[in-house]
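Enquirer: Pasting in a structure now, in C-alpha coordinates, and then I'll have a few things to ask.
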Amino acid sequence: MAMRLVGNVRYFLLLLVCGTLLMVACPTASAQVAPLAPRWLAGTPPPPVETFADGLARHHIELTEAALIAALTDPDGEVRSLAAAQLAAMDDHPALPAILRALLAERDPQVEVNLAGAATWLGSDRALDQLQQLCQDLNVPSTARLDAARYVSNKELPTCFPAIEQIERTEADPSIRVLAVVAAASYRGQRERAQALAASALADLDPTVRIAAADALRSLRATNAVAALDRALHIEGDDTAREHLREAIRVLRLPSADNDEAQ
(Lines give C-alpha, C1' and ligand atoms only; values in the text may rest on other atoms or scores of the structure.)
Protein backbone atom coordinates (compact mmCIF):
# COMPACT_ATOMS: atom_id res chain seq x y z
CA MET A 1 0.00 0.00 0.00
CA ALA A 2 2.97 2.33 0.56
CA MET A 3 3.84 2.15 -3.15
CA ARG A 4 0.28 3.07 -4.08
CA LEU A 5 0.47 6.06 -1.75
CA VAL A 6 3.67 7.27 -3.35
CA GLY A 7 2.49 6.55 -6.89
CA ASN A 8 -1.07 7.84 -6.73
CA VAL A 9 -1.45 10.35 -3.93
CA ARG A 10 1.80 12.30 -4.07
CA TYR A 11 0.35 15.00 -6.31
CA PHE A 12 -3.32 14.67 -5.51
CA LEU A 13 -3.94 18.25 -4.36
CA LEU A 14 -1.63 19.75 -6.97
CA LEU A 15 -4.41 19.75 -9.52
CA LEU A 16 -6.59 21.74 -7.15
CA VAL A 17 -4.22 24.69 -7.40
CA CYS A 18 -3.04 24.06 -10.97
CA GLY A 19 0.62 24.62 -10.15
CA THR A 20 2.18 22.16 -12.59
CA LEU A 21 4.64 22.49 -15.46
CA LEU A 22 2.78 19.86 -17.40
CA MET A 23 -0.24 22.12 -17.86
CA VAL A 24 -2.81 19.73 -16.35
CA ALA A 25 -6.21 21.42 -16.57
CA CYS A 26 -7.80 22.68 -13.36
CA PRO A 27 -10.53 20.35 -12.13
CA THR A 28 -13.93 21.89 -11.69
CA ALA A 29 -16.54 19.53 -10.31
CA SER A 30 -14.10 16.96 -8.94
CA ALA A 31 -10.40 16.96 -8.15
CA GLN A 32 -8.09 14.24 -9.39
CA VAL A 33 -5.22 12.10 -8.22
CA ALA A 34 -2.40 12.73 -10.69
CA PRO A 35 0.19 10.16 -11.74
CA LEU A 36 3.91 10.83 -11.56
CA ALA A 37 5.08 13.56 -13.91
CA PRO A 38 8.39 12.05 -15.16
CA ARG A 39 6.60 9.30 -17.05
CA TRP A 40 5.06 11.96 -19.27
CA LEU A 41 8.33 13.54 -20.41
CA ALA A 42 8.93 11.36 -23.46
CA GLY A 43 5.86 12.76 -25.17
CA THR A 44 3.58 9.83 -24.35
CA PRO A 45 0.00 10.61 -23.30
CA PRO A 46 -0.59 10.78 -19.55
CA PRO A 47 -1.99 7.62 -17.98
CA PRO A 48 -5.54 7.67 -16.59
CA VAL A 49 -6.17 9.42 -13.30
CA GLU A 50 -8.82 8.72 -10.70
CA THR A 51 -10.81 11.19 -8.68
CA PHE A 52 -10.51 11.37 -4.92
CA ALA A 53 -14.00 9.88 -4.78
CA ASP A 54 -12.93 6.95 -6.95
CA GLY A 55 -9.91 6.35 -4.73
CA LEU A 56 -12.08 6.37 -1.64
CA ALA A 57 -14.57 4.03 -3.32
CA ARG A 58 -11.74 1.50 -3.75
CA HIS A 59 -11.47 1.54 0.02
CA HIS A 60 -15.25 1.44 0.53
CA ILE A 61 -15.29 4.87 2.17
CA GLU A 62 -18.52 6.84 1.84
CA LEU A 63 -18.35 10.49 0.83
CA THR A 64 -20.28 11.84 3.80
CA GLU A 65 -18.54 14.30 6.10
CA ALA A 66 -18.81 11.88 9.02
CA ALA A 67 -17.29 8.98 7.06
CA LEU A 68 -14.48 11.13 5.70
CA ILE A 69 -13.59 12.52 9.11
CA ALA A 70 -13.55 8.98 10.50
CA ALA A 71 -11.27 7.97 7.62
CA LEU A 72 -8.70 10.54 8.76
CA THR A 73 -7.68 8.00 11.41
CA ASP A 74 -7.70 4.98 9.08
CA PRO A 75 -4.62 2.70 9.39
CA ASP A 76 -3.96 3.13 5.67
CA GLY A 77 -2.06 6.32 4.83
CA GLU A 78 -3.61 6.50 1.38
CA VAL A 79 -7.08 6.55 2.93
CA ARG A 80 -6.08 9.30 5.35
CA SER A 81 -4.66 11.34 2.46
CA LEU A 82 -7.64 10.81 0.20
CA ALA A 83 -10.12 11.64 2.94
CA ALA A 84 -8.40 14.95 3.64
CA ALA A 85 -8.21 15.69 -0.09
CA GLN A 86 -11.90 14.97 -0.58
CA LEU A 87 -12.86 17.20 2.35
CA ALA A 88 -10.75 19.98 0.84
CA ALA A 89 -12.24 19.39 -2.61
CA MET A 90 -15.71 19.67 -1.04
CA ASP A 91 -14.59 22.99 0.54
CA ASP A 92 -15.68 21.53 3.87
CA HIS A 93 -14.37 24.20 6.26
CA PRO A 94 -16.14 22.72 9.31
CA ALA A 95 -13.93 19.62 8.85
CA LEU A 96 -10.71 21.65 9.17
CA PRO A 97 -10.28 21.05 12.95
CA ALA A 98 -10.48 17.29 12.34
CA ILE A 99 -7.85 17.49 9.60
CA LEU A 100 -5.59 19.51 11.90
CA ARG A 101 -5.99 16.94 14.67
CA ALA A 102 -5.08 14.20 12.21
CA LEU A 103 -2.10 16.26 11.06
CA LEU A 104 -0.87 16.62 14.64
CA ALA A 105 -1.04 12.83 15.12
CA GLU A 106 0.45 11.89 11.73
CA ARG A 107 3.84 10.16 11.66
CA ASP A 108 4.22 9.35 7.96
CA PRO A 109 6.00 12.35 6.34
CA GLN A 110 4.27 11.97 2.98
CA VAL A 111 0.82 11.71 4.54
CA GLU A 112 1.72 14.62 6.82
CA VAL A 113 2.37 16.74 3.73
CA ASN A 114 -0.87 15.54 2.15
CA LEU A 115 -2.90 16.43 5.23
CA ALA A 116 -1.20 19.79 5.60
CA GLY A 117 -1.78 20.54 1.94
CA ALA A 118 -5.50 19.82 2.33
CA ALA A 119 -5.62 22.01 5.43
CA THR A 120 -3.96 24.91 3.62
CA TRP A 121 -6.56 24.58 0.84
CA LEU A 122 -9.10 25.21 3.59
CA GLY A 123 -7.12 28.24 4.79
CA SER A 124 -5.03 26.95 7.72
CA ASP A 125 -2.00 29.13 8.52
CA ARG A 126 -0.81 26.54 11.03
CA ALA A 127 -0.65 23.89 8.30
CA LEU A 128 1.14 26.33 6.00
CA ASP A 129 3.79 26.91 8.68
CA GLN A 130 4.20 23.15 9.03
CA LEU A 131 4.69 22.74 5.28
CA GLN A 132 7.40 25.39 5.34
CA GLN A 133 9.18 23.44 8.08
CA LEU A 134 8.76 20.12 6.26
CA CYS A 135 10.21 21.35 2.98
CA GLN A 136 13.37 22.44 4.77
CA ASP A 137 13.77 19.32 6.90
CA LEU A 138 16.62 17.16 5.57
CA ASN A 139 15.23 14.17 7.46
CA VAL A 140 12.04 14.22 5.37
CA PRO A 141 12.11 12.25 2.07
CA SER A 142 12.89 14.45 -0.92
CA THR A 143 9.60 13.66 -2.65
CA ALA A 144 7.60 14.81 0.36
CA ARG A 145 9.75 17.95 0.65
CA LEU A 146 9.02 18.77 -2.99
CA ASP A 147 5.31 18.31 -2.45
CA ALA A 148 5.46 20.60 0.58
CA ALA A 149 7.30 23.15 -1.56
CA ARG A 150 4.56 23.04 -4.19
CA TYR A 151 1.86 23.79 -1.64
CA VAL A 152 3.90 26.68 -0.23
CA SER A 153 4.52 27.96 -3.75
CA ASN A 154 0.79 28.13 -4.32
CA LYS A 155 0.64 30.63 -1.47
CA GLU A 156 3.28 32.67 -3.34
CA LEU A 157 5.85 32.34 -0.55
CA PRO A 158 9.52 31.87 -1.53
CA THR A 159 10.39 29.92 1.62
CA CYS A 160 10.75 26.49 0.04
CA PHE A 161 12.57 27.32 -3.18
CA PRO A 162 16.03 26.79 -1.59
CA ALA A 163 14.91 23.26 -0.67
CA ILE A 164 14.13 22.56 -4.33
CA GLU A 165 17.55 23.86 -5.34
CA GLN A 166 19.24 21.67 -2.73
CA ILE A 167 17.34 18.56 -3.83
CA GLU A 168 18.15 19.14 -7.50
CA ARG A 169 21.87 19.51 -6.67
CA THR A 170 22.26 16.61 -4.26
CA GLU A 171 19.60 13.95 -4.88
CA ALA A 172 21.12 10.71 -6.24
CA ASP A 173 17.90 9.49 -7.88
CA PRO A 174 17.51 11.17 -11.30
CA SER A 175 13.74 10.78 -11.23
CA ILE A 176 13.65 12.95 -8.13
CA ARG A 177 15.99 15.49 -9.76
CA VAL A 178 13.43 15.62 -12.58
CA LEU A 179 10.71 16.35 -10.04
CA ALA A 180 12.87 19.13 -8.59
CA VAL A 181 13.30 20.75 -12.02
CA VAL A 182 9.54 20.56 -12.60
CA ALA A 183 8.79 21.94 -9.12
CA ALA A 184 11.19 24.84 -9.70
CA ALA A 185 9.62 25.72 -13.03
CA SER A 186 6.12 25.81 -11.54
CA TYR A 187 7.14 27.68 -8.37
CA ARG A 188 5.32 30.97 -8.24
CA GLY A 189 7.34 34.17 -8.13
CA GLN A 190 10.74 32.49 -8.66
CA ARG A 191 11.04 32.58 -12.44
CA GLU A 192 14.65 33.78 -12.65
CA ARG A 193 15.88 31.26 -10.09
CA ALA A 194 13.92 28.52 -11.83
CA GLN A 195 15.54 29.42 -15.14
CA ALA A 196 18.99 29.30 -13.55
CA LEU A 197 18.27 25.90 -12.01
CA ALA A 198 16.97 24.49 -15.31
CA ALA A 199 19.94 25.89 -17.26
CA SER A 200 22.30 24.22 -14.80
CA ALA A 201 20.38 20.94 -15.12
CA LEU A 202 21.13 20.87 -18.87
CA ALA A 203 24.50 19.44 -17.81
CA ASP A 204 23.03 16.67 -15.64
CA LEU A 205 24.49 13.20 -16.22
CA ASP A 206 21.03 11.68 -16.73
CA PRO A 207 19.18 12.38 -20.00
CA THR A 208 15.75 12.43 -18.33
CA VAL A 209 16.90 15.35 -16.20
CA ARG A 210 18.29 17.14 -19.25
CA ILE A 211 14.94 16.60 -20.99
CA ALA A 212 13.10 18.06 -18.00
CA ALA A 213 15.48 21.03 -18.01
CA ALA A 214 14.88 21.75 -21.70
CA ASP A 215 11.12 21.46 -21.24
CA ALA A 216 11.26 23.72 -18.18
CA LEU A 217 13.15 26.43 -20.05
CA ARG A 218 10.60 26.22 -22.82
CA SER A 219 7.66 26.46 -20.42
CA LEU A 220 9.32 29.41 -18.66
CA ARG A 221 9.82 31.09 -22.07
CA ALA A 222 13.46 31.60 -21.13
CA THR A 223 14.59 33.29 -24.34
CA ASN A 224 17.86 34.24 -22.66
CA ALA A 225 18.66 30.51 -22.34
CA VAL A 226 18.72 29.81 -26.09
CA ALA A 227 22.52 29.97 -26.20
CA ALA A 228 22.80 27.49 -23.32
CA LEU A 229 20.31 25.17 -25.01
CA ASP A 230 22.25 25.41 -28.27
CA ARG A 231 25.52 24.51 -26.51
CA ALA A 232 23.81 21.58 -24.81
CA LEU A 233 22.41 20.41 -28.14
CA HIS A 234 25.87 20.29 -29.73
CA ILE A 235 27.17 17.87 -27.10
CA GLU A 236 23.97 15.90 -26.43
CA GLY A 237 24.28 12.18 -27.13
CA ASP A 238 20.75 11.03 -26.32
CA ASP A 239 18.32 11.16 -29.26
CA THR A 240 15.23 11.93 -27.19
CA ALA A 241 17.02 14.66 -25.30
CA ARG A 242 18.20 16.15 -28.59
CA GLU A 243 14.59 16.32 -29.79
CA HIS A 244 13.52 18.19 -26.66
CA LEU A 245 16.46 20.57 -26.91
CA ARG A 246 15.68 21.31 -30.55
CA GLU A 247 12.02 21.92 -29.78
CA ALA A 248 12.85 24.23 -26.88
CA ILE A 249 15.20 26.23 -29.09
CA ARG A 250 12.64 26.39 -31.89
CA VAL A 251 9.87 27.66 -29.63
CA LEU A 252 12.05 30.16 -27.81
CA ARG A 253 13.22 31.65 -31.10
CA LEU A 254 9.67 32.32 -32.27
CA PRO A 255 8.31 35.88 -32.15
CA SER A 256 6.50 36.61 -28.91
CA ALA A 257 2.97 36.19 -30.26
CA ASP A 258 3.80 32.89 -31.93
CA ASN A 259 5.59 31.78 -28.78
CA ASP A 260 2.45 32.34 -26.71
CA GLU A 261 0.42 30.31 -29.18
CA ALA A 262 2.98 27.47 -29.26
CA GLN A 263 2.87 27.09 -25.52
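The values are calculated or read from the model by the stated rules, or taken from the named source; none is laboratory data. Not measured: the values here are computed from a predicted model. All Cβ positions, even for glycine, are placed from backbone atoms using ideal geometry, and neighbour counts span all protein chains on display.
Enquirer: Which of the residues belonging to segment 160-212 are in contact with a Phe, Trp or Tyr (Cβ under 9 Å, 6 or more places away or on another chain) and surrounded by fewer than 16 Cβ atoms within 10 Å (Cβ to Cβ)?
Expert: GLY189
Enquirer: Separate question: Take the conditions touching a helix residue (DSSP H, G or I) at 6+ places or on another chain (Cβ under 9 Å), in contact (Cβ under 8 Å) with a residue 60 or more places away in the chain and not assigned by TED's automatic domain parsing to the domain that holds ALA148 and apply them to ALA194. Does it pass?
Expert: When the stated conditions are applied, ALA194 does not pass them.
Enquirer: Something else about it: Taking segment 90-124, which residues are at positive phi and of a type outside the set (Gly, Ala, Ser)?
Expert: Quick first cut of segment 90-124, residues at positive phi only: 91, 123.
The answer is ASP91, and nothing else.
Enquirer: Quick test for you: out of THR143, THR120, pick the one residue that is under 24 Å from ASP206 (Cα atoms), in the same structural domain as ARG80 (by TED's automatic domain parsing) and in contact (Cβ under 8 Å) with a residue 12 or more places away in the chain.
Expert: Just a single option satisfies the conditions, and that option is THR143.
Enquirer: Select, from ASP137, ASP173, the only residue that is assigned by TED's automatic domain parsing to the domain that holds HIS234 and more than 13 Å from the chain's Cα centre (by Cα).
Expert: On the way: ASP137 fails: assigned by TED's automatic domain parsing to the domain that holds HIS234.
One residue alone meets the criteria, ASP173.
Enquirer: Exactly one of (1) in the same structural domain as THR223 (by TED's automatic domain parsing); (2) among the basic types (Lys, Arg); (3) crowded, with 21+ Cβ neighbours inside 10 Å is unmet by ARG150. Its number?
Expert: Of everything listed in (1) in the same structural domain as THR223 (by TED's automatic domain parsing); (2) among the basic types (Lys, Arg); (3) crowded, with 21+ Cβ neighbours inside 10 Å, ARG150 misses just condition (1).
Enquirer: Examine segment 223-238 for a residue that is out of contact with any Ser or Thr (no Cβ under 9 Å at 6 or more places or on another chain) and within 23 Å of ASP108 (Cα to Cα), and state whether such a residue exists.
Expert: Among the residues of segment 223-238, not one is out of contact with any Ser or Thr (no Cβ under 9 Å at 6 or more places or on another chain) and within 23 Å of ASP108 (Cα to Cα), which makes the answer no.
Enquirer: Right, another one. If you check ARG80, ARG101, which single one turns out to be basic (Lys, Arg), surrounded by fewer than 17 Cβ atoms within 10 Å (Cβ to Cβ), out of contact with any strand residue (DSSP E or B) (no Cβ under 9 Å at 6 or more places or on another chain) and part of a helix (DSSP H, G or I)? Write out each step before concluding.
Expert: On the way: ARG80 fails: surrounded by fewer than 17 Cβ atoms within 10 Å (Cβ to Cβ).
Every option except ARG101 fails the conditions.
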